[in-house]
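Each remark here refers to the structure printed beneath this line.
A short reminder: the numbers here are calculations on the coordinates, not readings from a lab. On a predicted model such as this, the values are computed, not experimentally measured, just so you know. Virtual Cβ from ideal backbone geometry, glycine too; neighbours counted across all protein chains shown.
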């Protein structure tokens, strides 16, 4: 009996993942408020009512999309940081490479336009997901560097925010440039972050 149920479970998982893929693309392009469940159903090629079999609301779908996205970043960043073996510049360049290889998260748009439209519970879930996936692992890089007296005592969360803003700005301003050029610019900015711009 379990064997006959497995294909159904796989099919349901495939359907759910297809919805998540399509919804992620639409939310990325238009933002949370501009996308409707009807838009998603049409793009997936299913009846709108069928979406509610997988997700109870647009908000639940959006949060699931974002949590999946942040989990990808958590795993990717962990792999990058493990390979960098504790050298600060290599770690930051690895983080930059990871983000440049992904679709921009658009933190500003998410915080200014999407989050205010969500319930308190959804905002908390997404804030926790962002912290666990991105701010904590990258913040730990700066915390460790401070503990080893390699950088000044600046709030790690502030440094993470600065780095993410830099990466998103480069992705937007140089959107038509190849990744290799973006990487050169970001690596130069990381050097400025670490060494400063004032003459000594």
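What whole-number distance in Å separates the alpha-carbon centres of the stretch 139-163 and the stretch 8-71?
37
Compute the helix-to-body angle for 2-30: its Cα long axis versus the longest principal axis of the chain, expressed 0 to 90° and rounded to tens.
The angle comes out near 60 degrees.
Which whole-number percentage describes the relative contact order of the chain, with Cα contacts under 8 Å and a sequence gap of 6 or more?
Here the relative contact order equals 22 percent.
Considering the Cα trace of the chain, what is its radius of gyration and what is Dmax, both in angstroms?
According to the Cα coordinates of the chain, Rg and Dmax are 19.7, 75 Å.
For the stretch 135-200, treating each Cα as an identical point scatterer without solvent, what Debye log10 I(q)/I(0) comes out at q = 0.19, 0.20, 0.21, 0.28 1/Å?
Values returned for q = 0.19, 0.20, 0.21, 0.28 Å⁻¹ are -0.81, -0.87, -0.93, -1.20.
Within 10 Å of each residue's Cβ, count the other Cβ atoms and sort 195, 177 from fewest upward.
Ascending Cβ contact count within 10 Å gives the list 195, 177.
On full extension of the chain, what length is gained from residue 147 through residue 25, given 0.36 nm per residue of separation minus the C-alpha to C-alpha distance?
39.9 nm
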